[in-house]
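Here's the structure, in structure tokens; my notes come after.
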Amino acid sequence: MKKILLSLTACLALLAGCSIDNYDEPDAAISGGIYDSQTQELIPAQAPNGARVQIVQDGYQQPTNFWCKPDGTFQNTRLFAGKYKLTVQGPFVASTITEQAVNIPASDVKVMVEPYLRIKATATLTGNNIEVTYTVNQNSKSEGTVSEVKILCGNTIGLSSTTAKKQVTVSTTDQPLGTQHQVTIENVDTKNAIYVRVAAKTSETPYYNYSTLLKLK
């Protein structure tokens, strides 16, 4: 009899434990992008480890962090519905970053900041060589120095300064900011998809600013 009672007690305890853990899974989503408040354009980023979104739900202290995509957009579909505070970290002038309130679920959220650098680039593939034309302009609100620019080539949309198969580093002494320049990347492997972008950073931040990701093949 004692054994039966003990077994019943254990079963009841197990059932109680299961009911306590039976919470709804987070299924609310947020999506949007980080935009240049001057140009109204998305700010390209390294993905991951390039531009981070941080949200904190009202009544809680633990933040939720997630990275932007290469084009500057972001999405997280595993959140609880509610009111949040949102901010961002990345290659953005600190004085232009503000905290904003969002009600999740939320879509088309626009975070307005200013990048340290604005980079424009075009590229042309001829045989096994890529000719990249680019311009790097420094934001007037940026107080750091830019010592180098990197011309990057790779095979994935995750192209960055750390994943590039080929890269050419250019000194801004030789090719100053604010002026259009051309750089050639030679002997490129053309068997797979080819992506190109330009990266540069200031002494104010460990994060790189990037040009839009260009797909050549």
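The values are calculated or read from the model by the stated rules, or taken from the named source; none is laboratory data. Bear in mind that the values here come from a model prediction, so they are computed numbers and not experimental data. Every residue, glycine among them, receives a Cβ derived from its backbone with ideal geometry; neighbour counts consider all protein chains shown.
Matching residues to (1) among the hydrophobic types (A, V, I, L, M, F, W, C); (2) out of contact with any His (no Cβ under 7 Å at 6 or more places or on another chain); (3) modelled with pLDDT of 95 or more:
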position	(1), (2), (3)
LYS3	no, yes, no
ALA16	yes, yes, no
ILE20	yes, yes, no
ILE55	yes, yes, yes
LEU79	yes, yes, yes
For residues that are touching a Ser or Thr at 6+ places or on another chain (Cβ under 6 Å) and closer than 18 Å to LEU125 by Cβ, scanning just the stretch 165-217, find the one that is surrounded by the most Cβ atoms within 10 Å (Cβ to Cβ). VAL198
Determine which member of the set ALA94, ALA101, ALA106, ALA81 is crowded, with 16+ Cβ neighbours inside 10 Å and not basic (Lys, Arg). ALA106
Out of GLN75, GLN46, GLN61, sole residue that is out of contact with any strand residue (DSSP E or B) (no Cβ under 9 Å at 6 or more places or on another chain) and either part of a loop (DSSP other than H, G, I, E, B) or not β-branched (Val, Ile, Thr) (or both): GLN61
Breaking point among (1) among the polar types (S, T, N, Q); (2) touching a residue at least 40 places away in the same chain (Cβ under 8 Å); (3) touching a Cys at 6+ places or on another chain (Cβ under 8 Å), for THR202: (3)
Just one of the numbered conditions (1) assigned to a loop (DSSP other than H, G, I, E, B); (2) surrounded by 15 or more Cβ atoms within 10 Å (Cβ to Cβ) is not true of LEU86; which one? (1)
Residue check for ASN65: of a type outside the set (A, V, I, L, M, F, W, C), modelled with pLDDT of 95 or more and not assigned by TED's automatic domain parsing to the domain that holds SER161: yes
Selection within the stretch 22-43 - assigned to a loop (DSSP other than H, G, I, E, B), at pLDDT 70 or above and closer than 18 Å to ARG78 by Cβ: ASP24, GLU25, PRO26, ASP27
Suppose we filter SER161, SER140 for residues that are outside the structural domain of THR98 (by TED's automatic domain parsing) and more than 17 Å from the chain's Cα centre (by Cα); which single one remains? SER140
